[in-house]
1. In region 200-217, which residues are under 25 Å from the mean Cα position of the chain (by Cα) and loosely packed, with under 14 Cβ neighbours inside 10 Å?
2. Consider region 83-106. How many of its residues are open to solvent by 40 Å² or more (accessible area, probe 1.4 Å), part of a helix (DSSP H, G or I) and free of Cβ contacts under 8 Å to residues at least 12 places away in the same chain?
3. Return the residue satisfying two criteria in turn: it lies in region 255-312 and is open to solvent by 40 Å² or more (accessible area, probe 1.4 Å) and of a type in the set (A, V, I, L, M, F, W, C), and of such residues it is nearest to residue 212 (Cα to Cα).
4. Just checking, how many residues over region 114-129 are out of contact with any Phe, Trp or Tyr (no Cβ under 9 Å at 6 or more places or on another chain) and either open to solvent by less than 30 Å² (accessible area, probe 1.4 Å) or free of Cβ contacts under 8 Å to residues at least 60 places away in the same chain (or both)?
5. Could you tell me whether residue 116 is at pLDDT 95 or above, under 20 Å from residue 61 (Cβ atoms) and among the hydrophobic types (A, V, I, L, M, F, W, C)?
6. Which helices (runs of 4 or more DSSP H) sit wholly inside region 231-312 and have at least 3 residues that are in contact with a helix residue (DSSP H, G or I) (Cβ under 9 Å, 6 or more places away or on another chain), more than 21 Å from residue 202 (Cα to Cα) and at pLDDT 95 or above?
7. Please indicate, with yes or no, whether at least one residue in region 130-144 is acidic (Asp, Glu), outside any helix (DSSP H, G or I), open to solvent by 70 Å² or more (accessible area, probe 1.4 Å) and at positive phi.
8. Restricting to region 190-232, give me the number of residues that are of a type in the set (Asp, Glu) and touching a residue at least 24 places away in the same chain (Cβ under 8 Å).
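The values are calculated or read from the model by the stated rules, or taken from the named source; none is laboratory data. These numbers come from a predicted model, not from an experiment. Counting neighbours? That spans all protein chains shown, and the Cβs are built from the backbone with ideal geometry, glycine included. With ligands, DNA and RNA removed, areas are computed over all heavy atoms of the protein, side chains included. Shrake-Rupley method; radii C 1.70, N 1.55, O 1.52, S 1.80 Å.
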Amino acid sequence: MNKKFLAGTLACLAFISLSACENSNSSESASTETESQTHTLTDAQDHEVEVPDNPQRIIGSYLEDYLVALGEKPVAQWTVGEGKIQEYLQDELDGIPTINFDLPYEDVLNFEPDLLLIESDATVEGGKYEEYEKIAPTYVVKNGTDVTWEDTLEDIGQVFDKENEAQEVEADYQNAVNDVQNELQDEIDGKSAAVIWVTNNSAFMVAENRSSGRLLYDDLGLEVPELTEEVSEDAEADWSQVSLESLSQLDADYLFLVNSDESAAMFDDPLWENIPAVENDQLFEFGPESSWLYNGPIAYTQMLEDVKEALQ
């Protein structure tokens with residue numbers, strides 16, 4: 001064989017091999033770089049968090065409404081005790097295992113998350129934040145009495161680089177509100193409404209600027225009853241306990257009831273029958289599986305649809 005030809009062939013093969021190795025190394029390097037890409041965000045507690053660009057194993061306990069609205073699916077969903085879950089989200093979350101609301105450390109660890117979204121400051125008190133961040137990047141979302149569901153949605157949208165999607169969700173909701181206002185103008189104008197939740201034979205009233213209260217009064221423009229105003233002045237949560245005696249004097253045209261206790265003795269009390277909206281057959285009842293006890297774009301949209309069906 002011609003020595004020059006053989007040398008040239010060997011040199012060519014060496015070049016091809018080297019090029020292949022370089023391409024392989026470049027490909028592996030690019031793949032590794034893509035997998036490890038992050039962006040830095042400052043959360044509600046001023047932590048600088050290295051958030052993965054494409055998290056695959058998300059835990060966002062009590063934030064599932066927002067995750068689903070943005071097209072994200074968590075690896076575990078919020079629960080209290082042995083079975084209280086957000087029933088209204090189960091079309092999207094059916095089969096997702098549960099994790100208790102207080103996020104036990106070992107349970108979080110077992111789910112091997114690559115991102116933790118924390119719903120409230122209280123969840124990470126007492127050094128828990130430092131423990132969680134050892135497991136995965138931990139981001140505390142905007143929370144507090146003055147934070148709207150839109151604020152929270154936009155914050156979570158920023159985490160997933162889905163700010164535009166968050167804006168679209170908000171626009172869709174506002175369009176739905178406008179449609180209901182137009183369709184039910186006669187039923188809304190000059191009319192008042194209240195929302196109560198009955199559980200363990202006790203009644204709780206929603207504050208005027210929170211949860212379904214905000215939907216009825218701020219979004220739809222229904223009037224606020226005097227009792228609701230009084231309850232709202234000292235409200236420290238979405239729901240505040242009210243007596244049956246107070247409810248019997250409730251000056252509301254419509255009464256929306258979230259009933260978690262169908263056998264409650266209060267429903268057989270004459271005082272209950274004396275509530276004007278009950279007397280006038282303007283009581284609209286929903287079960288605990290509905291979205292009326294929760295917050296988020298999906299919860300609000302479903303409540304809005306319930307109001308529409310009730311009043312039309």
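1. Passing the criteria: none in range.
2. Going through region 83-106 one residue at a time, the tally reaches 2.
3. The extreme case among them is 283.
4. Count: 5.
5. Judged against the criteria, residue 116 is a match.
6. 297-311
7. Checking region 130-144: not a single residue is acidic (Asp, Glu), outside any helix (DSSP H, G or I), open to solvent by 70 Å² or more (accessible area, probe 1.4 Å) and at positive phi.
8. Number satisfying all stated conditions: 4.
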